Structures are given as structure tokens and as C-alpha cells.
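Right, one structure below, let's go through it.
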Amino acid sequence: MPTLMSFSEMITVIVIFVLYLGVMLGIGFYFYNKNKNVSDYMLGGRSLNPWVAALSAQASDMSGWLLLGLPGTAYLLFQGTSEAIWTAIGLALGTYLNWLIVAKRLRKYTITAGDSITLPDFFKNRFHDKSNVLKVISAIFVLIFFLFYTASMFSAGAKLFTSVFGMSYGSALLLGVFIIVSYTFLGGFLAVCWTDMIQGILMFAALIIAPIVAFNRMGGSEGVQAALASVPEAFHLLPQTAAGTLNVALLVSSLAWGLGYFGQPHILPRFMAIRSDKEIRPARIIAMVWVLISLAAAIVVGVTGALLFPELADPEQVFIQMTISLFPPIVTGILLTAILAAIMSTADSQLLVTSSAVANDIFKGVMKKDASEKQVLWFSRITVIVVSIIAALMVSVPDAAEGTFMYLINQSVFKLVAFAWAGFGAAFGPIILFSLFWKRTTKQGALWGIIAGGVSSCLWWVMQGGIWDIYEILPGFIISSIVIVVVSLCTPLPKEVADEFDKVKEVKL
């Protein structure tokens with residue numbers, strides 16, 4: 001049975017939460033007056049050092065999924081454990097390749113070819129799109145997928161407050177949204193990155209401490225081995241079907257998570273904002289150490305949690321249950337704050353990217369092309385509030401009837417994150433790679449590739465059974481890539497676009 005906190009323990013945890021949230025708001029106020037223009041608010045003046053760039057990128061990447069979704073999957077011994085392991089391998093490979101082949105080239109291109117501050121901005125400048133259609137279509141996909149992604153983070157935060165403090169869902173939702181919106185509204189990109197770095201450190205520490213204490217509670221490695229031996233189902237490193245054969249679809253789908261990194265609008269801006277090309281390599285090392293240890297620890301949390309608490313109704317509550325049961329109140333408060341940190345580190349980045357896309361790429365790009373820096377800046381801040389309200393309304397009914405839109409949104413953190421991750425990976429991943437490494441890519445190829453990837457990913461997601469069980473990011477990525485190549489080869493390449501591509505390759509920053 002789940003362990004509940006006493007009143008005194010709950011007060012201790014509340015005090016720690018309040019102190020933590022106060023620090024986050026303080027950072028927002030600190031950076032408020034440092035945003036002199038749109039570039040400062042949306043990209044921090046390209047001033048990130050390696051530690052901030054790496055840890056903020058990975059914290060915003062992993063989100064509450066790292067402390068809720070992944071351990072919850074690993075908790076389902078042993079089929080879920082196998083899926084979690086191969087998903088972690090795919091994510092680790094994707095992280096490494098993203099930092100290795102995309103980071104430096106994207107930073108260089110976004111500086112030398114039009115000084116782009118958002119991904120839609122980059123697409124417009126890369127292909128000399130005077131019609132702004134690339135900016136608008138890209139911004140629309142950003143808005144759609146991030147509404148789902150942000151809504152899932154708000155829901156996860158509300159469920160955290162509800163399960164820990166016994167608050168009503170509505171009150172918990174309002175509290176979480178208010179805190180995240182406040183420091184994002186005030187401080188912009190720099191506030192988001194610095195808070196994400198702190199949150200990344202907190203998440204990392206929590207994931208290391210929890211499984212170590214769990215191991216000791218179970219009697220060390222011998223106790224864990226004995227507990228594992230008592231589990232009826234045999235462990236298979238490779239995922240198995242019900243018939244005992246290799247589950248190819250699940251294996252491929254798990255590894256395909258790594259493809260998503262090339263198209264995530266809340267991760268790629270960290271590459272654009274790092275202050276020097278020379279600092280990308282140390283940032284990559286920092287990021288990989290964080291990712292490898294954190295993913296491994298999250299899986300261990302799920303497995304040990306399944307052995308300690310085998311009757312949890314919701315597997316995604318395993319980390320919460322572990323911290324409440326195994327630690328004194330002060331440590332419990334700190335570790336539970338890590339979950340809040342994980343949720344906030346992604347939600348704030350998503351809000352900022354969404355507001356940037358709406359304000360810079362739709363408002364200034366189409367609606368009011370002569371908008372001043374101040375107007376765009378305040379439109380972006382207002383967008384943060386509006387998007388947050390819409391996302392909160394999407395998850396305002398946690399017990400919606402099955403089959404309704406609200407019910408769909410309130411599915412597991414793992415499923416919602418998987419949907420949004422696939423959407424971005426399929427829509428933007430291929431065109432990011434082609435635009436950076438294939439000179440022959442045209443504006444028409446980019447436009448239809450984005451549309452094909454995003455739409456096919458959504459359509460694949462709603463289908464079930466057989467080949468449709470493959471994670472939608474893989475077919476979406478492949479379809480988008482094919483469309484980009486075919487359409488680009490069938491459409492003319494402007495000379496100025498080709499010449500600029502060659503010049504960018506020669507630039508040294």
C-alpha cells in the first residue's frame with residue numbers, strides 16, 4: 001500500500017517547495033531588466049556557457065518523463081524494463097549525435113545567414129523565403145505540438161501536488177501554472193536556461209540518491225538479486241512478443257526515440273545560444289555524462305521500485321512513493337522538488353519557444369511586419385500567458401469520460417510526451433539535417449517535408465495494430481526525408497541560396 005506522510009512531514013516538504021519556487025521566481029526577476037531586445041528575451045544574446053547550455057538542454061529535454069514516465073515503464077517487469085532500456089539507448093545515441101553533428105553547424109548558420117533567433121526564423125533565412133510561408137507553417141506546428149506537450153507537463157505538476165499534499169486537482173493545476181508562467185514571463189530565455197541548469201542538477205542528484213538508498217534497504221546486491229529471482233517473468237534484454245519471439249516493432253520503436261533530437265524546438269536553441277563554437281565540445285561531454293547516468297538511474301528506480309512496492313496502481317508514481325517511504329522529511333522534500341524541477345524545466349522552455357514562434361514568426365512575420373522590438377517583446381510575454389491558459393484548460397478535467405478529447409490529453413506522461421516528441425522529430429528533424437548538410441534542398445522541399453512529417457506522424461499515431469504499432473516518429477521521419485529529396489530535385493535551386501550555403505561552410509566563428 002502507498003505510504004502517506006504525516007502532517008509534520010508534509011509541512012517540512014511544503015517549506016522546501018516554497019523555498020525552491022521562491023528561488024525560481026527570484027531568477028526571473030533578476031533577468032527581467034537584462035532583456036533589452038527580442039534577441040535577449042528569446043535567445044539570451046547568445047551568451048550561454050557550456051554548463052548552462054548543456055544542463056539546460058538536457059533538463060528541458062527529459063522533463064517529468066525522466067522521473068515519472070521512464071521509471072514507470074521500467075516498473076512493469078520485465079517487458080517494460082526492456083522497453084525502457086532500449087528507449088534510453090536510443091535517447092543517448094540521439095543526444096550524442098545531436099551535439100556532435102548539429103550543434104556547431106546550426107549555430108554557425110543561424111549567425112551568418114540572417115541572424116536567426118527561432119527555428120522558423122532559420123528556415124525562412126536559410127531558403128530566402130520572402131513569402132514567410134515557411135515561418136508560418138513551422139510556427140503553427142510548434143504551437144500545436146507544444147500545446148499538447150505543455151498541457152501534459154501542467155497535468156503532471158498538478159498530479160504531483162495532489163498526490164503529495166492532498167490538494168484538489170484544480171488548485172494544484174493553478175499553482176503550478178502560476179509559478180512556471182511567472183518566471184518565464186519575466187526573465188525570458190536566460191531565466192529559463194539558468195533555472196533549467198539548477199533543475200538539471202537537482203534531477204541528477206535525486207536520481208543518484210534514490211536507487212542507492214533503495215539498494216541498501218533491500219539488502220544490497222544480494223537482496224536485489226534474490227528479489228529479482230522471485231519475479232515469475234523471465235528477463236529478456238531484447239523485447240519479446242507474447243509468443244516469446246523478438247518484438248521487432250518495439251525494439252525499433254524504442255531506438256527511434258533518438259531521431260527526435262534533431263527536431264526539438266526547445267533543445268536546438270541552446271546550440272544557437274552558446275557563446276562560442278569552442279565551447280560546444282565541453283558542453284557535449286557534460287551533456288553526455290548527465291544523460292547516461294540519469295537514464296540508467298531512472299531505470300534502476302523503476303526496477304527497484306517494482307520490487308519494493310509491487311502493488312502501485314499507477315506505475316508512474318514509483319519515484320514519489322520511493323522518496324516518501326525511504327527518506328526523512330527534509331530529504332523527501334528535496335527529492336520531490338526534483339520532480340517539480342523536471343516538469344518546470346520543460347514547461348518553461350516550451351512556453352518560451354511557443355511564444356517566440358507566435359510573436360516573432362507570426363505577429364512580426366505576417367501580422368505586423370513593422371512591429372517594434374518592444375511590441376514583439378510584450379506580444380511574446382502575453383503569448384506565454386494565453387498559451388498557458390489554453391494548455392491548462394486542456395487538462396482541467398482529469399476524470400474525463402473515456403473517448404473524449406479531455407480523456408486523450410490525460411493519458412500517461414509517457415504517451416503524451418511520445419506523441420509530441422514524434423511530431424517535432426518527424427516535422428523538423430529531417431529538414432534540419434538536410435538544410436545544414438545538403439545544398440540542393442529547396443524552399444518547396446523544406447515546406448512539403450515539414451508538412452509531410454508532421455501530418456504523417458499524427459495519422460500514424462491514431463492507427464493501431466500490425467505495422468501501425470511502430471513508433472510514429474520513424475515512418476514520419478522517413479516520409480519527410482523522401483518528400484524533401486523528391487520535391488527538392490523537382491524544383492529549382494536559387495543561385496543565391498546555393499552560394500550562401502557554400503559561404504557558410506567556410507565561415508569560422
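Check the range 35-50 and report whether any residue there is under 20 Å from Pro282 (Cα atoms), in contact with an Asp or Glu (Cβ under 8 Å, 6 or more places away or on another chain) and at pLDDT 85 or above. Yes - at least one qualifying residue is present in the range 35-50. Every condition in (1) within 13 Å of Ala427 (Cβ to Cβ); (2) exposed (fewer than 15 other Cβ atoms within 10 Å of the Cβ); (3) among the β-branched types (Val, Ile, Thr) is met by Val486 except one, and the failing one is (1).
Here's the yes/no breakdown for (1) at pLDDT below 90; (2) farther than 30 Å from Ser380 by Cα; (3) touching a Ser or Thr at 6+ places or on another chain (Cβ under 8 Å):
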residue	(1), (2), (3)
Val192	yes, no, yes
Asp196	yes, no, yes
Ala205	no, yes, no
Ser230	yes, yes, no
Leu237	no, yes, yes
Thr241	yes, yes, no
Leu246	no, yes, no
Ala249	no, yes, no
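For Lys135, the test of being part of a helix (DSSP H, G or I), within 27 Å of Gly423 (Cβ to Cβ) and in contact with an Asp or Glu (Cβ under 8 Å, 6 or more places away or on another chain) is passed.
Being farther than 30 Å from Val133 by Cα and modelled with pLDDT of 85 or more is a property that Asp399 lacks.
Could you list, ordered by first residue, the pairs with Cβ atoms under 8 Å in which the first is in the range 102-119 and over 11 Å from Leu43 (Cβ atoms) and the second is among the acidic types (Asp, Glu) and crowded, with 19+ Cβ neighbours inside 10 Å, at least 6 apart or interchain? Taking only residues 6 or more apart or on different chains, the pairs are Ala113/Glu500; Gly114/Asp121.
On the basis of being within 24 Å of Phe146 (Cα to Cα) and of a type in the set (Phe, Trp, Tyr), does Phe262 make the cut? Yes: the conditions hold for Phe262.
The single residue among Lys364, Lys374 that is over 22 Å from Thr195 (Cα atoms) and out of contact with any helix residue (DSSP H, G or I) (no Cβ under 6 Å at 6 or more places or on another chain) turns out to be Lys374.
Could you identify the single residue in Leu76, Leu55 that is touching a residue at least 60 places away in the same chain (Cβ under 8 Å) and part of a helix (DSSP H, G or I)?
Numbers: Leu76 fails: part of a helix (DSSP H, G or I).
After applying the criteria, what remains is Leu55.
Of Ile111, Ile89, all but one fail to be within 28 Å of Gly157 (Cα to Cα), touching a Leu at 6+ places or on another chain (Cβ under 8 Å) and either of a type in the set (D, E, K, R) or in a helix (DSSP H, G or I) (or both); the exception is Ile89. Return the residues of the range 461-485 that are in a helix (DSSP H, G or I) and at pLDDT below 95; say none if nothing qualifies. Passing the criteria: Trp461, Val462, Gly466, Ile467, Trp468, Asp469. Evaluating Ala338 against the criteria (1) within 30 Å of Ala74 (Cβ to Cβ); (2) over 21 Å from the mean Cα position of the chain (by Cα) leaves one unmet condition, (2).
Look at (1) of a type in the set (A, V, I, L, M); (2) touching a residue at least 24 places away in the same chain (Cβ under 8 Å); (3) part of a helix (DSSP H, G or I) and you find that Leu312 fails only one, number (3). Inclusion of Ser488 among residues that are modelled with pLDDT of 95 or more, small (Gly, Ala, Ser) and in contact with a Pro (Cβ under 9 Å, 6 or more places away or on another chain) is not warranted. Within the range 412-426, one or more residues are within 18 Å of Met153 (Cβ to Cβ), modelled with pLDDT under 80, under 17 Å from the mean Cα position of the chain (by Cα) and not in a helix (DSSP H, G or I).
Looking at this structure, is Val331 buried (at least 23 other Cβ atoms within 10 Å of the Cβ), β-branched (Val, Ile, Thr) and either outside any helix (DSSP H, G or I) or over 20 Å from the mean Cα position of the chain (by Cα) (or both)? Here the answer is no, as Val331 does not meet what is asked.
Find the residue count for the range 117-176, including only residues that are of a type in the set (Ser, Thr, Tyr), surrounded by fewer than 21 Cβ atoms within 10 Å (Cβ to Cβ) and under 29 Å from Gly333 (Cα atoms).
Residues that pass the stated criteria total 5.
With the structure loaded, tell me whether Met322 is closer than 25 Å to Phe146 by Cβ, part of a helix (DSSP H, G or I), in contact (Cβ under 8 Å) with a residue 60 or more places away in the chain and not basic (Lys, Arg) or whether it fails that test. Criteria not met by Met322. Listed conditions (1) under 20 Å from Ser138 (Cα atoms); (2) in contact with a Lys or Arg (Cβ under 9 Å, 6 or more places away or on another chain); (3) outside any helix (DSSP H, G or I) are all met by Ile362, apart from (3).
The values are calculated or read from the model by the stated rules, or taken from the named source; none is laboratory data. Being a predicted model, the structure only gives us computed values, none of them experimental. In this analysis, Cβ positions are derived from the backbone assuming ideal geometry, glycine residues included, and neighbour counts consider all displayed protein chains.
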